[in-house]
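Below you'll find the structure, written out as structure tokens, and then a few comments.
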Amino acid sequence: MSSLPPSPAASDVEDSPRPGKGWTATELATAGLDPADLQFFMRLTDALNTTLDLQTLLNRTAELVRDVIPFRIFAILLLNDRSHDLRMRFQIGHTPQVARTRVPVGKGIVGQVAQTRHAVLLNDVTTDPNYISVNPEVKSELAVPLIAKNRLIGVMDLESEQAGFFRPEHLNILTLTASRIAQAIENARLYTRISRQAQTLEVLNEIATELASILELNPLLERVGQLLRRLIDYQMFSIMLLDQKGETLITRYAWRFGYSHAPLRRIPVNSGLVGAAVREWRAINVPDVLQDPRYLPMNAETRSELIVPLFYKGRVIGVLDLEHTRVNFFNEEHERMLTALAAQVAIAIENARLYQAVRTQERQLEKDMAMAREVQLRLLPPGAPEHKNAEMAVRFLPARSIGGDLYDFIEYSGDRTAIMLGDVSGKAAPAALFAALVSGIMRSAAQQHPGPAEMLKNLNDALQERKLDSQYVVMVYAVWNDENRTLQVANSGAVQPIVCRGGESVTVKAEGFPLGMFPDVDYEEFNVATQPGDAVVFVSDGILDAENAAREMYGQDRLAGVLCTHREQPAQDIADAILADVSRFQDGKDRFDDETIIVIRVR
């Protein structure tokens, strides 16, 4: 190698004509370098410019430096801004124990070079009091600062077992190349950071999408812990949620060294690091928990801890708590990632809680509906009464939800029976409750054995006294006199009864206002004289309004046709035939209303 110009001072590195400023052939020639040196610098330039992978870059740098300085021990140490020490990022010839050593700035030859920003050539390490012996075989050392844009990023260090191995020209060539190597390292690190950030954002998006699809709280919290390990290599992790009063943090999920568990741990918000995160509404990053008086010793292995609060709609609902056995493990990047993830986790937790509350309410509602249906069914008589001159039958097919149909048979004096078929407005529990009210009032009024018109008037007046908005009932009320085979009928807006005699059907044109809508209403009463063989049918509107796939309604004509066709059969068979025909007509379409049928067949 030719004789090189004197080494520039570290403070002049950025201003000298060298690779850090572009490394043109003219500049290198001006610096006094011969063609062999120019070839080295051009190869180094190509190597530095053709990769953005840090490990590849450091490996190529070491190979090219070895071409001009045949070292056996080589290292590039990079500065950690947070801990202010140097850590070996690439090495050749060092033992694994030495490779893991952290060198404080100012300590040893490497630390001195980092502090002063001046290169050091030491041909006999025993003569320098700053030298720290980690390899007794080392006799000489050459260390050069790596400076990019006037900022120290690390140190390039070469060692030899031979005294006087390194020469001034070695120092010169490394000093000339150092800033260019430093800038290439910075570019690679920047690219790595950008790539990692892009990857992190992609992972965060995947996590947010997956968390939004989990609606059970416990599986959600467990999945949060699993997904978080894709971002941060923690060793201990907890999710703690505030109680309803906002005074205590309760552990809902915990992970320790590969195993998940959830210890019953309750921490008041006025104590501990987790409490501080809640009180101060910010992330708490503690490099060494043993040095923080707020730390509550929960895990003997913990040395560093990162806590991020979970915010939802302007309030804290809990914390994410990460722990590690290494001091100063969590950095600002971890804090940023966890803070970004915490927003999604908080939303997912609240969604899961809301879903859980809705499910609980739904289960309670289903239970209440089942009970209401049971009560409604118990209000209905189990069957129709027996008579000498008439047989009666009833069929009730409830819709899937609670409906408003009600029917009843009440024994009157003189071999008479009152027949009631009604339909209250609305569906579900309100309809069932209103039906129970109507049934109770009617049963009480029936003790006086009123006629149909009088009964409807009494019911209407009673409901006016207990008036409920938008609640009413339509009802047909009839009294069968078995002695003379007559039927008295009054109607308050329900489906009109149909009588079939000799194959011809007649509708009883009884009409009237629904009960509970208007005050002071009188109702008409019709007397129907029946003959042996007649068949009479009362139905709710669920029969006439039943629809098929073409949205056609079953209607009164079809009902009358089935009634007359089966008029000679027993009353039960007539009722069954009507239900079967309605079912065929619907052809599998869901019923939307109760279907009730009462049949009287005169003997």
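Only the coordinates and a few stated rules stand behind these numbers; no lab work does. Since the structure is predicted, the reported quantities are computational estimates derived from the model, not experimental observations. We place every Cβ from the backbone using ideal geometry, glycine too, and count neighbours over all the protein chains shown.
Tally Lys and Arg at +1 and Asp and Glu at -1 over the other residues with C-beta under 15 Å from the C-beta of residue 124: what net charge comes out? Spell out each step's value before the answer.
Working: positive: 139, 167; negative: 128, 137, 141, 159, 161.
Every neighbour counted, the sum reads -3.
Looking at 419, 160, 76, which one has the Cα that reaches farthest to the positive end of the dipole of the chain (charges on Cβ: Lys, Arg +1; Asp, Glu -1)?
Farthest towards the positive end: 160.
Would you mind working out the magnitude of the charge dipole of the chain relative to its Cα centre, with +1 at each Lys and Arg C-beta and -1 at each Asp and Glu C-beta, to the nearest 20 Debye?
It works out to roughly 2300 debye.
Please give the length that would be gained between residue 484 and residue 99 if that part of the chain were fully extended, namely 0.36 nm times their separation in residues minus their C-alpha to C-alpha distance (nm, one decimal).
Full-extension gain reported as 127.1 nm.
Kindly provide the pair-distance distribution of the range 67-117 built from C-alpha pairs, with 5 Å bins from 0 and whole-percent values in order of increasing distance.
5, 20, 28, 23, 16, 7, 1
Report the FRET efficiency, 1/(1 + (r/R0)^6), for residue 357 and residue 191, where r is their Cβ-Cβ distance and R0 is 35 Å, rounded to 0.05.
0.15
Using alpha carbons only, how many angstrom separate the centre of the range 453-478 from the centre of the range 311-378?
49
Using the number of other C-beta atoms within 10 angstrom as an exposure proxy, rank 564, 500 with the fewest first.
564, 500
So what's the net charge close to residue 237: Lys and Arg +1, Asp and Glu -1, counting the other residues with Cβ under 9 Å from its Cβ?
With Lys, Arg at +1 and Asp, Glu at -1, the neighbours total 0.
Put +1 on the Cβ of each Lys and Arg and -1 on the Cβ of each Asp and Glu in the chain; which of 98, 190, 372 then has its Cα farthest toward the positive end of the dipole?
The Cα lying farthest towards the positive end belongs to 98.
Could you pull out every one of the aspartates and glutamates with an alpha carbon less than 19 Å from that of residue 313, ignoring same-chain neighbours closer than 8 positions?
Cross-link targets: 243, 247, 280, 350.
For the range 213-356, with only Lys/Arg (+1) and Asp/Glu (-1) charged at the beta-carbon, what is the dipole magnitude about the Cα centre, in debye rounded to 20?
In debye, rounded to 20, the range 213-356 gives about 320.
Can you work out the FRET efficiency for the pair residue 233 and residue 339, with r the C-beta to C-beta distance and R0 = 30 Å, to the nearest 0.05?
Once rounded, the FRET efficiency stands at 0.95.
Projecting each Cα onto the charge dipole of the chain (Lys/Arg +1, Asp/Glu -1 at the beta carbon, about the Cα centre), which of 289, 488, 334 comes out farthest on the positive side?
The Cα lying farthest towards the positive end belongs to 289.
Can you give me the angle between helix 217-228 and the longest principal axis of the chain, using Cα atoms only, in degrees from 0 to 90, rounded to the nearest 10?
20
What angle do you read, to the nearest 10 degrees and between 0 and 90, between the alpha-carbon axis of helix 35-49 and the longest principal axis of the chain?
10
How long are the three semi-axes of the equivalent ellipsoid of the range 213-356, in whole Å, if each is the root of 5 times an eigenvalue of the C-alpha gyration tensor, listed from largest down?
22, 17, 14
Can you give the Rg to Rh ratio of the chain, both from alpha-carbon atoms, with Rh computed by the Kirkwood formula?
On the way: Rg = 46.3 Å, Rh = 32.9 Å.
Result: Rg/Rh = 1.41.
Multiplying the sequence separation of residue 299 and residue 256 by 0.36 nm and subtracting their Cα-Cα distance, what value in nm do you get?
Here the answer is 14.5 nm.
Under 1.5 on a/c is rounded, so check that first for the range 430-582, then, if it is not, pick prolate when a/b is larger than b/c and oblate when it is not; a ≥ b ≥ c are the square roots of the alpha carbon gyration tensor eigenvalues.
oblate
Treating cross-link reach as a plain straight distance, find the aspartates and glutamates whose alpha-carbon is under 16 Å from the alpha-carbon of residue 457, omitting any fewer than eight places away in the same chain.
Cα-Cα hits under 16 Å: 465, 511, 520, 522, 524, 525.
Please give the FRET efficiency for residue 117 paired with residue 244, using the beta carbon to beta carbon distance and R0 = 56 Å, rounded to the nearest 0.05.
The pair residue 117/residue 244 has a calculated efficiency of 0.45.
In nm, to one decimal, how far is the residue 415 label point from the residue 589 one, both placed 7 Å along Cα→Cβ?
4.6
Assign unit charges at the C-beta atoms only (+1 for Lys and Arg, -1 for Asp and Glu), then state the dipole size of the range 173-264 relative to its Cα centre in Debye, rounded to the nearest 20. Kindly include the intermediate steps, with their values, before the conclusion.
Details: 10 positive and 9 negative charges, 79 e Å.
So the dipole magnitude of the range 173-264 works out to roughly 380 debye.
What number, in percent, do you get for the relative contact order of the chain if the mean sequence gap of Cα pairs under 8 Å and at least 6 apart is divided by its residue count?
Once normalised by length, the contact order is 8 percent.
With a cut-off of at most 12 other beta carbons within 10 Å, and DSSP calling the residue loop, which trypsin sites (Lys or Arg not before Pro) in the range 135-187 qualify? Please list them. Walk me through the intermediate numbers first.
Numbers: sites: 139, 149, 151, 180; in loops: 139, 149.
Those that pass, being in a loop and sparsely packed, are 149.
Using a cut-off of 19 Å between alpha-carbon atoms, which lysines can reach residue 139, once sequence neighbours fewer than 8 places away in the same chain are excluded?
Within the straight-line limit of under 19 Å, residue 139 reaches these lysines: 107.
Return the sequence-ordered ³J(HN,Hα) values of the range 151-166 in whole Hz as given by the Karplus equation 6.51 cos²θ - 1.76 cosθ + 1.60 applied to θ = phi - 60°, using x for Gly and Pro.
10, 5, 10, x, 9, 9, 10, 10, 10, 9, 7, 9, 6, x, 5, 8
Between residue 370 and residue 466, what is the label-point separation in nm under the 7 Å Cα-to-beta-carbon projection?
My value for the distance between the label points is 2.8 nm.
How long is the gain from residue 573 to residue 386 if the chain were fully straight, where each residue apart is worth 0.36 nm and the alpha carbon distance is subtracted?
65.7 nm
Given points 7 Å out from each Cα along the Cα-Cβ axis, report the residue 202 to residue 312 separation in nanometres with one decimal.
3.1
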